Amino acid sequence: MNMGQRVSFNKTVSNRDNGNNNYRPRDLNNSQDFLRPPRLDMLLDMPPASREFQLRHSWNPDDRSLNIFVREDDPLTFHRHPVAQSTDCIRGKQGYTRGLHAWEVTWNIRQRGTHAVVGVATKDAPLHSAGYQSLVGNNAESWGWDLGRNRLLHDVRNNPGSTYPTILNADESFVVPDTFLVVLDMDEGTLSFMADGQYLGVAFRGLRGRKLYPVVSAVWGHCEITMGYIGGLDRKYRRRTNSEPTWSEHRPHRSTDGACACAEFGLC
């Protein structure tokens with residue numbers, strides 16, 4: 001796929017009324033939200049992040065519900081204890097204030113239960129609640145995609161939420177695969193998702209000016225969720241002779257003293 005190419009959505013979708021899985025692709029050329037960002041193609045074409053770099057962007061064992069623990073043998077994965085009537089969250093180690101970031105989430109469909117939500121949150125978002133609910137997106141400090149209900153959630157007491165992917169009809173549901181991508185662009189202030197190699201469009205806008213962390217909300221006992229950071233791109237302009245801006249990459253690196261020079265920008 002060429003960078004910036006518009007796509008047609010052709011993922012298999014189930015029909016709630018008759019179980020018909022034959023789904024005709026829809027033309028998305030009239031929707032700017034479905035234009036796959038050129039920088040995202042650049043990022044996905046980069047070599048994968050090293051294991052060390054992924055660990056720096058993995059789940060935070062010190063920023064979680066007490067019903068969750070990060071596996072010692074695999075710090076990219078957390079395990080939720082089988083606690084009844086409890087909703088539990090965990091944030092990632094790194095918060096992002098600028099740049100384009102992508103991470104892969106692996107969450108077995110059979111381990112999602114009634115409320116499985118993936119998204120981003122500030123440091124002020126709660127990580128535990130009694131009962132079962134979609135805790136990510138329940139408040140003004142988090143933004144989430146409810147995987148089972150195909151709903152976007154943010155401050156639900158004041159906002160009813162919306163369908164995602166947005167092109168679904170009322171009688172359709174999208175089956176989110178075990179592994180999918182979360183795409184956070186803090187330069188544009190957007191949160192998006194990808195599944196099976198397809199860009200699903202912008203889910204949320206207006207995120208600039210915050211420091212946001214990867215987050216999930218889970219209710220299923222013994223569920224395990226893995227997060228693998230793919231990488232980040234910083235947006236920097238330099239003028240060419242034709243006055244057109246260009247992009248420069250942010251790549252994992254360390255300075256001579258062992259510290260990452262761009263950590264202060266939320267890129268590492």
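For the reader, a short list of remarks on this structure follows.
- Percentage, to the nearest whole number, of Cα pairs in region 155-238 over 22 Å apart: 39
- In the context of the full set of protein chains, residues of region 133-180 present 40 Å² of accessible surface per residue (probe radius 1.4 Å, heavy atoms only).
- Once all protein chains are placed together, ARG64 keeps about 80 Å² accessible to a 1.4 angstrom probe.
- HIS154 sits with roughly 50 Å² accessible to a 1.4 Å probe, with DNA, RNA and ligands left out of the calculation.
- Inverse of mean 1/r across different Cα pairs in region 76-162, Kirkwood, Å: 13.8
- Using a probe of 1.4 Å on the protein chains alone, the accessible area found for SER162 is around 50 Å².
- From the Kirkwood radius over Cα pairs of region 73-121, Stokes-Einstein at 20 °C and 1.002 mPa s returns a whole-number translational diffusion coefficient of 159 µm²/s.
- Of the listed residues GLU172, GLU52, the order by accessible area with a 1.4 Å probe, largest first, is GLU52, GLU172.
- Of the solvent-accessible surface of region 122-180, computed with a 1.4 Å probe and all protein chains present, 47% belongs to carbon and sulfur.
- Two-site label geometry, THR163 and ALA130: point separation in nm, points 7 Å out along Cα→Cβ: 3.6
The values are calculated or read from the model by the stated rules, or taken from the named source; none is laboratory data. Please read all numbers here as calculations on a predicted model, not as lab measurements. So basically every Cβ, Gly included, is an ideal-geometry build from the backbone, and we count neighbours across all protein chains shown. Heavy atoms of the whole protein, side chains included, go into the accessibility calculation; ligands, DNA and RNA do not. Shrake-Rupley method; radii C 1.70, N 1.55, O 1.52, S 1.80 Å.
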